[in-house]
Structures are given as structure tokens and as C-alpha cells.
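Contents: one structure, followed by commentary.
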Amino acid sequence: MAQSFAGPPFDLDDLIPELAALGRGTTLLLPKSGSPSVQESSLGGPMLWPVDEPWPSCGQPGHWAWPNEKSPAGTIPMVPVIQLFARDVPELQFPEGMDVLQLVWCPLIHPQDQASSALPKLYWRSETNVLATGALRDIPAPQEGEFEEEFMPSPCTVSPTSVREYPNWDLPQELQQTLKPRIDELEERFGMEYTGLACALQNKVGGYPAWNQSPDWPACQRGHHMEHLLSVTPEEDLDMVMGDLGGIYVFLCRQCPELPYAHRYDC
Ligand SMILES: [Zn+2]
Ligand SMILES: [Zn+2]
């Protein structure tokens, strides 16, 4: 799995000018095991949830977990995945009046989903409004046997850091052919692969999806090309942020006022 990426260790735009136009800003989350509070940005940490809004649950028939492969009865509480406060991710554009982004998912395998992944749900909130209403104290959690280990992020604090990155799988094939000799030369000079030099294949907001496989960009129901909102990926140098699964990528359409979102999963 990818090492933590701190941005290209040189000016890639100058060395390979054709890449300059494809560079994108991305915010690395750089999670570390810890005990974030509800009013902190986190991965797998407690969420600032309004007390008058039921915690989300999933009752999709047939969702299941190893090893018993049985579907639990009733509904399963979803689990916190990412909470981001606008103050920590200045490059992320929030809808008007909102300053908290929350991602939860059902930690089971969903055979009806396009790739049998966890089922993510996205929320935008106002911190002031939640505090005015009161925050939910006891967030329900799934019981043993009601979750897939790999979809249970452990609590981590995050250190959002802005870097510039370049496409990996999203590099147009023709350009890739053209650039290959120069990329080979760079790889040799720095003793690293292109992906290690130029791509943030880790937990991040914005930039390019941290695909492990060929791109599969979603469109919204009205046919708009969606933008990459965030990638959730396992990071090996951390104690079990997530197990051994692939990445889950969340996309957003800002052209539609209701901000529809979609996800993709690969491994
Ligand atoms: Zn489910
Ligand atoms: Zn749309």
C-alpha cells in the first residue's frame, strides 16, 4: 500500500510541463490513532450529531458479514467514518451555511451494491445549529457479528495537509505513452515509482480518487460528471485504520442543488 505522500519532492511541473495542467490540490488527512472529540475532525471518531435526528441505520435485506455470512435481523446502526470541520479543510467548498461534513456507512457487505462494499451516507451540517439543538450523546454501535471488520475504522485524529498531486489511473493513456521515457527517468533518479512521487493514494479530500484499479467515474441521475469528494483507503503504517479492503471513493454533483453523491469501491 502507498506510503504517506507529502507532495512531489521537486517541481514536477517544471520537469514534465505536460503534467502541470493536470495537477490538482488535495487535502491529505494523515490519520493517527487517537481519541478525537465530537468537535474535532476525525476518521472513525465520534460525531457531532443533532439529538433530535435519529442516528442512521441500514436495513438492506441480504447485507452480511464474515464469517457467518448471515444477515442480521432488523436494522444495523451505521458507523462514523469521516467528520470534517470547514476550519480544518479550507480548500473544501461547503454548501452555504454548512461547516461540517460527515460520512457514515453500514459496515456490512451489500450484495446489491455495485461492488459489495459498505454503504456510505453523507451529511452536511452547521456546527452552530447542532450545538443549539444539543448533540446526541450515545451513538449506537453494531454488535459483534453485525459488522465486517474491514469496514470498521478505528478512531483517529487527522492532520489535514494541502498538497498538489497528479493523476495515476486518470492520466490519459496517450499522454502516458508520450511521457513514459521521462517518467522512467524520474523514477530512476528518485528511486521511487511515479505513483509514490506524484499521487496521493491515501485518505484525502479532493484531488484525484485514490483508485487501485481503472477509473469508474460516476455521473449523477441528470448525467453530470461528478467530482471526487474524498477517498477512504486502508493505510498500512497505521494500526488498523481499516483492514485489508480496497478504497471507497465518494463523489458529489455540485451542479444539482440537492448535491447528490455516489460511491465506488475497488480493491
Ligand atoms: Zn447495510
Ligand atoms: Zn447533477
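The values are calculated or read from the model by the stated rules, or taken from the named source; none is laboratory data. Worth saying up front: this structure is predicted, and the values here are computed from it rather than measured. Note that we place each Cβ from the backbone using ideal geometry, even for glycine, and neighbour counts take in every protein chain shown.
Report whether or not GLU188 is farther than 27 Å from TRP49 by Cα, surrounded by fewer than 16 Cβ atoms within 10 Å (Cβ to Cβ) and of a type outside the set (A, V, I, L, M, F, W, C). Considered against the rule, which asks whether it is farther than 27 Å from TRP49 by Cα, surrounded by fewer than 16 Cβ atoms within 10 Å (Cβ to Cβ) and of a type outside the set (A, V, I, L, M, F, W, C), GLU188 comes out as yes.
With respect to the stated conditions, TRP124 is in a strand (DSSP E or B) and at negative phi. Out of the residues in the stretch 72-94 that are of a type in the set (S, T, N, Q) and either away from ligand 1 (no atom under 13 Å from the Cβ) or touching a residue at least 24 places away in the same chain (Cβ under 8 Å) (or both), state the one that is farthest from GLY25 (Cα to Cα). Ranking the qualifying residues of the stretch 72-94, first place goes to GLN83. When the criteria are applied in full, GLY97 meets the requirement of being over 22 Å from the mean Cα position of the chain (by Cα), at pLDDT 95 or above and within 26 Å of THR27 (Cβ to Cβ). Residue count for the stretch 45-61 under the criterion of being small (Gly, Ala, Ser) and either at pLDDT below 95 or within 16 Å of ligand 1 (Cβ to nearest atom) (or both): the result is 2. Look through the stretch 204-227, keep the residues that are modelled with pLDDT under 95 and touching a Cys at 6+ places or on another chain (Cβ under 9 Å), and return whichever of them is surrounded by the most Cβ atoms within 10 Å (Cβ to Cβ). So, considering only residues that are modelled with pLDDT under 95 and touching a Cys at 6+ places or on another chain (Cβ under 9 Å), the one surrounded by the most Cβ atoms within 10 Å (Cβ to Cβ) is ALA210. Considering each residue of the stretch 144-158 in turn, at least one proves to be part of a helix (DSSP H, G or I), of a type in the set (A, V, I, L, M, F, W, C) and under 20 Å from TRP105 (Cα atoms). Comparison of TYR261, TYR194, TYR166, TYR265 shows that the only residue that is closer than 17 Å to GLN83 by Cα and either of a type in the set (Ser, Thr, Tyr) or within 16 Å of ligand 2 (Cβ to nearest atom) (or both) is TYR261.
Within the stretch 119-134, can one find any residue that is within 16 Å of ligand 1 (Cβ to nearest atom) and closer than 27 Å to VAL163 by Cβ? The answer is yes, given that some residue of the stretch 119-134 is within 16 Å of ligand 1 (Cβ to nearest atom) and closer than 27 Å to VAL163 by Cβ. Among the residues of the stretch 65-79, are any within 28 Å of GLY207 (Cα to Cα), at pLDDT 95 or above and of a type outside the set (Phe, Trp, Tyr)? Yes, the conditions are met somewhere in the stretch 65-79. Considering only residues in the stretch 95-118 that are in contact (Cβ under 8 Å) with a residue 60 or more places away in the chain and surrounded by 20 or more Cβ atoms within 10 Å (Cβ to Cβ), the one that is nearest to CYS267 (Cα to Cα) turns out to be SER117. With of a type in the set (A, V, I, L, M), modelled with pLDDT under 95 and away from ligand 2 (no atom under 16 Å from the Cβ) as the only criterion, which of ALA135, ALA86, ALA115 stands out? Matching residue, one of ALA135, ALA86, ALA115: ALA115.
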